[in-house]
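For reference, the structure is listed below as structure tokens.
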Amino acid sequence: MRWNVSTDDPNNLSTVKERMMRLARIRSGSKLDRIEYLTTLAKGKNVLDVGVVEHSRNFVNSPTWLHQYIAKASRECLGVDILRDEIEYIRSLGFNVQCHDLTQSPMNYSFELIICGEVLEHIDAPGMFLKNLAEMLIPNGTIVITVPNPWYINASLKSSFGRNPFVDSVDHVAWYDAATLMELGSRCGLKLTKYTYFNIGIASFRSFKANIMFFLKPLWLALGCKPELFSKTLVYEFQRN
């Protein structure tokens, strides 16, 4: 049920508390690896993978290029992106991909699973994008969205204490957290059913200070910090409402 059915004040204390409780009920434990988790979800399914280019064709040669794993694990997989030349190149490698702008219209296909890995923060029409994804989702299908965590400790500390303004990426147009995505999804006919975070190992960092900060993670947690603070990426799962 939309919050405005019972009140016209989005800051009403009971309304805010109810939203917090709903989010607490769908908050899940950590996942060890983003690619492994998304690949597991895709196994044996008919999948749409959105944003397969990852900025340029050079990412095709990276061991972290997500689409290669999704395509291998799924029963059927279609990749989509708006970069036509890059899509043509990826197709020449044998992948089933198409050029299409999902902020403009849905595709004439249906899917069990739609994966949007690090895509939503780049899009200037997120509502239309999610509505079009919802139209392509079969009943009981799932949309999985991963986005940068706005409360990630590295971003928070750099924003608070850095000499210069913090910039995560010059191509990002928004930050999302569980509360904003629950509201955005509900406006687009989607229900947020689960969200969680990915663990980061100390070996992931080049900076000595960052490694020290994560080495002290048990202390931060003992002081009451949420474990999401140490996750650069969060994953959100939606179904049609």
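Would you work out which of PRO106, TRP175, ALA24 lies farthest towards the positive end of the dipole of the chain? Charges go on Cβ: Lys and Arg +1, Asp and Glu -1. Sorting the options by dipole projection puts first ALA24.
Dividing the Cα radius of gyration of the chain by its Kirkwood radius returns 0.97 for Rg/Rh. How charged is the neighbourhood of PRO10? Take every other residue with its Cβ under 15 Å from the Cβ of PRO10, and add Lys/Arg as +1 and Asp/Glu as -1. So the environment of PRO10 carries a net charge of +1. Could you pull out which residues in region 58-83 have an amide N less than 16 Å from a spot 7 Å beyond the Cα of THR103, following the Cα-Cβ vector? In region 58-83, the label zone of THR103 (backbone N under 16 Å from the point 7 Å along Cα→Cβ) covers 81-83. For LYS226, the lysines whose Cα falls under 25 Å of its own Cα, not counting residues fewer than eight places away in the same chain, are LYS17, LYS31, LYS158, LYS191, LYS194, LYS209, LYS217. Ranked by the mean number of other Cβ atoms within 10 Å of their residues, highest first, the peptides 154-161, 231-238 fall in the order 231-238, 154-161.
Each residue of region 29-44 was assigned a 3J(HN,Hα) from its phi angle through the Karplus expression (A = 6.51, B = -1.76, C = 1.60, θ = phi - 60°), giving x, 6, 10, 7, 8, 5, 5, 4, 5, 5, 5, 4, 5, 7, 4, x Hz with x at Gly and Pro.
In terms of surrounding Cβ atoms within a 10 Å radius of their Cβ, TYR197, TYR109, TYR69 rank from fewest to most as TYR109, TYR69, TYR197. Bridge orientation summary for the chain: considering DSSP beta bridges with both residues in this region, about 40 percent are antiparallel.
Placing +1 on the Cβ of every Lys and Arg and -1 on the Cβ of every Asp and Glu, with nothing else charged, gives the chain a dipole about its Cα centre of roughly 900 debye.
Working note: 222 nm ellipticity from helices only, DSSP H runs with n ≥ 4, each -39,500 (n - 2.57), summed and divided by the residues of the chain, gives -10000 deg cm²/dmol to the nearest 500.
Rounded to the nearest 0.05, the FRET efficiency derived from the C-beta distance between CYS225 and ASN12 at R0 = 35 Å is 0.75.
Rule-based calculations on the coordinates, nothing more; no lab input. None of these values were measured; they are calculated from a predicted model. Cβ sites come from the backbone with ideal geometry, for glycine too, and all protein chains shown count toward neighbours.
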